Structure formats: C-alpha cells, structure tokens
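Worksheet for the structure shown next.
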Amino acid sequence: MNSSSSTSTTDTLHSFMEALLIDQYFLGWIFAFLFGFLLLLNFKRKREKNNSTEFGTDHSNGYYIPENIAGSTDVIIVGAGVAGSALAYTLAKDGRRVHVIERDSTEQDRIVGELLQPGGYLKLIELGLEDCVNEIDAQRVFGYALYMDGKNTRLSYPLEKFHSDVAGRSFHNGRFVQRMREKAASLPNVRMEQGTVTSLVEKKASVKGVQYKTKDGQELSAFAPLTIVCDGCFSNLRRSLCNPKVEVPSCFVGLILENIDLPHINHGHVILADPSPILFYKISSTEIRCLVDLPGQKVPSISNGELANYLKTVVAPQVPKQLYNSFIAAVDKGNIRTMPNRSMPADPHPTPGALLLGDAFNVRHPLTGGGMTVALSDIVLIRDLLRPLCDLHDSSTLCKYLESFYTLRKPVASTINTLAGALYKVFCASPDKARQEMRNACFDYLSLGGICSQGPIALLSGLNPRPISLFLHFFAVAIYGVGRLLIPFPSPKRMWLGARLILGASGIIFPIIKSEGLRQMFFPATVPAYYRAPPIH
C-alpha cells in the first residue's frame, strides 16, 4: 500500500515537472517572439528617423527622394528613339539596369531621320546593332549625285578600306526605331515603359530621377543615380540641363514618289535649286523620299492649295526630268508633310545626376543626314566612359567625370554640325554675286574628283570627321573660286569680287565654329575636363 502510494506520488511529481517544463518552453518562445518583435519595431523606427533626416523631403512635391537605390535601377533613359533605344541596349549589355520611359511606343511616321551615313553604320556595328537595318527594306547608299543648272556629278563614299557591308542606309525611320526598341527590350535588365516624363526630380541641384505620367494617367516617380534625357528635338526637359539656342533656318516639305528609280542607283540626289536644295533618296524598294527645303519658318498653306501650287510651278521645273512626272503625281496625291529644320549647338549646364543626348542636346540642319551618326558616336563614347565605373551614386564626382564627354565628343560632332550648317548656306541660291560664285565654285570643286571630292564626302559621311580637314577643304573651295575669277586676267572688279567671296566664306564658317567652341573643336586636349576621362581604346 505504501509502495503503491509512493509510486503514485512519484508519477504525479514527474507529470507535474513535465507540464512545468512544457509551459516554460512555450513561455520562452512567447518571450523570444515578443523580444524580437520589439527589436524589429525599434530598428524600423530608427531607420525611418534616419531616412527622414538623411534623405530630406522635397516640400515642393511632398515625397521622399531615396539616395540609395541599389537593387532597382542604374540609369533612367527618357525617350526611346534612335538615341534612347541604342543607349538602353548598350548600357544594359554592359550589365546596367536600365529603365526607359517613352511617350509613344507605337511606330512613328517621320520625314527625317531616314538616312544613316556610313560613319553612323560603323558605330552601329560597334554597338552590336547592325542587324536593326535588316528586315525593314532598308536601301544601301554609296554616295551622292549633285545637280545644278543642268549639270550633274556623282560623289562616291570612300569605302575601299572597309568591309563590303559598310555603306550608308536609308529606310523608314519608324521601322528602324521599332527594331532598335525590340533589340533593347530583349535584354532582361531593360524595362521599357510607355509614359510621359513631366519633370526631373531634383534635390540640392542634383537630379535624382523623374516624375512621369503612365499611359493610363497614373502619376509616378522613378529614381536612379543617372538620368539621361534623349527625348528629341522638341524636348521639354532640356532647359534645366543646357542653354537651348534653337534656330529654325528652314522647313522641309516631304513627299513620297512611288514605283520609280533614281537616275543614279543607290545614291542620294541633291539638287541645288532656287531658293534652296531639294533632296531625293530611296527609303524602300518602291519609295523615294523627296524633301523640298523652304528657307524661313513660314510654309505656304496646304489646306488652300497654295503649297501644292508652289511645288508644281516653282519646284517641279527644277527636278530632274526622269523624276518630273512622279513628282507631280506625288503632289496631286496630296500626302504632303512639313517639318521645321532646327539647329541648336551643344551648350550644356553640367548637372549632377543627369546627361543630355541626341536631338534634345544638339541639332544641326538635316541636309547632310548626320544626326544619327552624331548620336551613335556619342553613345559609343558614353559607354566607354561609364565602363570603368562600378558605382554611379556619387553624383557630383560622376558629373565632373562626365564633363569629359562634352569635350571628347566635340571633334566628331562639331565637324558634322559645322559641315551641315556651312553646306546649307553655300547651297542656297542668293542674289549676292559673291555667294553665287561660292556656290558655283563648290559644285565645280566637288566635280574635280580625287581628293577634292573624296575629302569632303569623307567628312559628310562621318568616315573622316576631322575639324582641320573640314576647315582646309572649305577654304580650298573659296580659294578655288577666287582663282577662277583671277585667271586669266585679274581685273579690279574681279579682284574685289574675289575678296568678297573670301569674306563671305569667313562669314559663313567662323560663326558656326564659334558657336561650337573653337578650343574644344580644334584643341580638345587643352581643356582640363579632357584629362578626367580614361584613354578610349
């Protein structure tokens, strides 16, 4: 009995101790959970306090601007045209996380940006984007045919040293851009989004990202250590990043001629007409783009038939006879487009966290078709400058470093810009006798062949974009014009006309060089920012 009672007491004690241990086990878990929760809550409060102190609030729009965006986006690109799409693909291929915001992702129908020079095609190859000219019915271009006063001469690109695939390309701009967008979007670290960027997000004079409105009207913000604005010639963001001195020297009137070949196959055609040039080039196997330049900003009315009448009575008689009937048919069809030709030298305000690119940054007259060549050349340069940088978050240091971009781009960009502006002025008809002589001298100089044609066409094509070569050829034309006046008998009247020709030539080129920057254009190595960049191989 006693033994049984002792056993029962012992069992009861063991059961009590086990229950107590189980309760302590659960209590321990409860206390550990509460302790961890309090630690987490305290940590969160401290972090929010630090964020509010460290990040600051932009009271103008009432949102926090994060400084550390690791794990999200490296670069925001505003605009997905030729420049934006090519840049997105290029930076993403180097491992950057890219967010592209484009206003309209549908295929555009434009009358410019349809001719890529051989120099631009070489840059396309360098960026790995050369297949973007495939499957869009792009046409190969090997040079130009120049017409004036019933005469014509053919100027071929100096392509002997290059692979057989290297040539100019002409195409529908919209098709080309869509191929570029598809190529960029194929990379996993590129996020393409349709939206309209309304403003840059700034804090303490540094750009932190953008505010934008999505396709469905939602207003959002995006942040990155570097924002690159390339939203085209009508950019609404450029004013805070550069000094936009925009000029509109003329307007283009665009037509499409169908089912006819140009007199010189695979060549662009430039007619030195009165009052200004007319361009023809194929943009598909069945279509020829015609661009009629009209000086000034005022274009005859389309709605009342004034423009059609002008094209038939003033322009058509100056068109090569092989194209006359097709030109009249295109006018009668009525699909006439117009676009202002803008010119804007690059005049940036170096801004931490932001960079301008493409037509938002620098525009030249489209006569020479050099815009895409400049943009692609700039992208190659930006890629090479950013490659050594693992961290883009030090915005002030990055800004000082990227100042070299504005200097290093000058020799190529300024050569193409200056050539476009100078050629347009030379090619336009003028009542001034000296300007007439300069125009005639230019046509005859290019017709001489050899270095007299290969040198200028190498400049125009972007194959040899050297400022000193441009300067020498331009004044060689002027001196050639003077020589024609003075031989065989230099009368006082002809000597005076020759002097006016030289003064006129100087009056054309020197203001353009001044706007581009004499020192940066011809002596970039003397600019201090030049030395901030590593050597480009």
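The values are calculated or read from the model by the stated rules, or taken from the named source; none is laboratory data. What you see is a predicted model; the values in this text were computed from it and never measured. Note that each Cβ is placed from the backbone with ideal geometry, even for glycine, and that neighbours are counted across all protein chains shown. Just so you know, the surface numbers come from the protein's heavy atoms only, side chains and all, with ligands and any DNA or RNA stripped out. Shrake-Rupley method; radii C 1.70, N 1.55, O 1.52, S 1.80 Å.
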Just wondering, is there one or more residues in region 348-357 that are surrounded by fewer than 22 Cβ atoms within 10 Å (Cβ to Cβ) and not in a loop (DSSP other than H, G, I, E, B)? yes
Which pairs have Cβ atoms under 7 Å, sit 6 or more apart or on different chains, and link a residue in region 379-406 that is not assigned by the TED database to the domain that holds Tyr89 to one that is part of a helix (DSSP H, G or I) and open to solvent by 50 Å² or more (accessible area, probe 1.4 Å)? Lys400/Arg532; Tyr401/Arg532; Glu403/Arg532; Ser404/Tyr530; Ser404/Arg532
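Each row is one residue, and each column tells you yes or no for (1) part of a strand (DSSP E or B); (2) over 23 Å from Pro320 (Cβ atoms); (3) open to solvent by less than 80 Å² (accessible area, probe 1.4 Å); (4) among the acidic types (Asp, Glu).
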{"residue": "Cys132", "(1), (2), (3), (4)": "no, yes, yes, no"}
{"residue": "Glu135", "(1), (2), (3), (4)": "no, yes, no, yes"}
{"residue": "Tyr144", "(1), (2), (3), (4)": "yes, no, yes, no"}
{"residue": "Tyr147", "(1), (2), (3), (4)": "yes, no, yes, no"}
{"residue": "Arg154", "(1), (2), (3), (4)": "yes, no, no, no"}
{"residue": "Lys161", "(1), (2), (3), (4)": "no, yes, no, no"}
{"residue": "Val166", "(1), (2), (3), (4)": "no, yes, yes, no"}
Given the criteria surrounded by fewer than 16 Cβ atoms within 10 Å (Cβ to Cβ), more than 33 Å from the chain's Cα centre (by Cα) and of a type outside the set (Lys, Arg), does Ala441 qualify? no
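Look at Arg484 and say whether it is at pLDDT 95 or above, more than 30 Å from Leu389 (Cα to Cα) and assigned to a helix (DSSP H, G or I). Full working, then the answer.
On the way: at pLDDT 95 or above: no; more than 30 Å from Leu389 (Cα to Cα): yes; assigned to a helix (DSSP H, G or I): yes.
Against the criterion (at pLDDT 95 or above, more than 30 Å from Leu389 (Cα to Cα) and assigned to a helix (DSSP H, G or I)), Arg484 does not qualify.
Which of the residues belonging to region 360-373 are among the hydrophobic types (A, V, I, L, M, F, W, C) and closer than 16 Å to Arg238 by Cβ? Talk me through it step by step, then tell me what you get.
First pass over region 360-373, keeping only residues among the hydrophobic types (A, V, I, L, M, F, W, C): 360-361, 363, 367, 372.
Scanning region 360-373 gives Ala360, Phe361, Val363.
Return the residue satisfying two criteria in turn: it lies in region 182-203 and is more than 19 Å from Ala360 (Cβ to Cβ) and in contact (Cβ under 8 Å) with a residue 60 or more places away in the chain, and of such residues it is farthest from the chain's Cα centre (by Cα). Talk me through it step by step, then tell me what you get.
Going residue by residue through region 182-203, those that are more than 19 Å from Ala360 (Cβ to Cβ) are 182-183, 185-191, 203.
Filter again for in contact (Cβ under 8 Å) with a residue 60 or more places away in the chain, leaving 183, 187, 189-191, 203.
Values: Lys183: 17, Leu187: 21, Asn189: 22, Val190: 19, Arg191: 20, Lys203: 27 Å.
Only one residue tops the list, namely Lys203.
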Any chance Ser221 is within 22 Å of the chain's Cα centre (by Cα), on the phi < 0 side of the Ramachandran plot and among the hydroxyl-bearing types (Ser, Thr, Tyr): no
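So is Lys208 farther than 24 Å from Asp378 by Cβ and in the same structural domain as Leu356 (by the TED database) or not? It would help to see each step written out before you state the result.
Working: farther than 24 Å from Asp378 by Cβ: no; in the same structural domain as Leu356 (by the TED database): yes.
No.
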Kindly indicate which of Val82, Val112, Val133 is over 14 Å from Leu463 (Cα atoms) and modelled with pLDDT under 95. Val112
For Ser469, are the conditions met, namely being within 24 Å of the chain's Cα centre (by Cα), modelled with pLDDT of 95 or more and either closer than 24 Å to Pro118 by Cα or in the same structural domain as Leu367 (by the TED database) (or both)? no
When only residues in region 264-284 that are part of a loop (DSSP other than H, G, I, E, B) and under 22 Å from Thr313 (Cα atoms) count, which is most open to solvent (accessible area, probe 1.4 Å)? Asp274
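Out of contact with any Asp or Glu (no Cβ under 7 Å at 6 or more places or on another chain), open to solvent by 30 Å² or more (accessible area, probe 1.4 Å), aromatic (Phe, Trp, Tyr) and outside any helix (DSSP H, G or I): is that true of Phe471 in this structure?
When the stated conditions are applied, Phe471 does not pass them.
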Collect the residues in region 368-393 that are open to solvent by 10 Å² or more (accessible area, probe 1.4 Å), of a type in the set (A, V, I, L, M) and modelled with pLDDT under 95, keeping them in residue-number order. Leu389
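For region 299-320, which residues satisfy the criterion of being at negative phi and either at pLDDT below 95 or not in a helix (DSSP H, G or I) (or both)? Spell out the reasoning first.
As a first pass, look at region 299-320 and keep what is at negative phi: 299-304, 306-320.
Residues satisfying the conditions are Val299, Pro300, Ser301, Ile302, Ser303, Asn304, Val319, Pro320.
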Looking at region 213-229, is at least one residue open to solvent by 60 Å² or more (accessible area, probe 1.4 Å), modelled with pLDDT of 95 or more, within 30 Å of Lys400 (Cα to Cα) and in a strand (DSSP E or B)? no
Looking at (1) closer than 30 Å to Thr407 by Cα; (2) loosely packed, with under 14 Cβ neighbours inside 10 Å, find the lone condition where Ser491 falls short. (1)
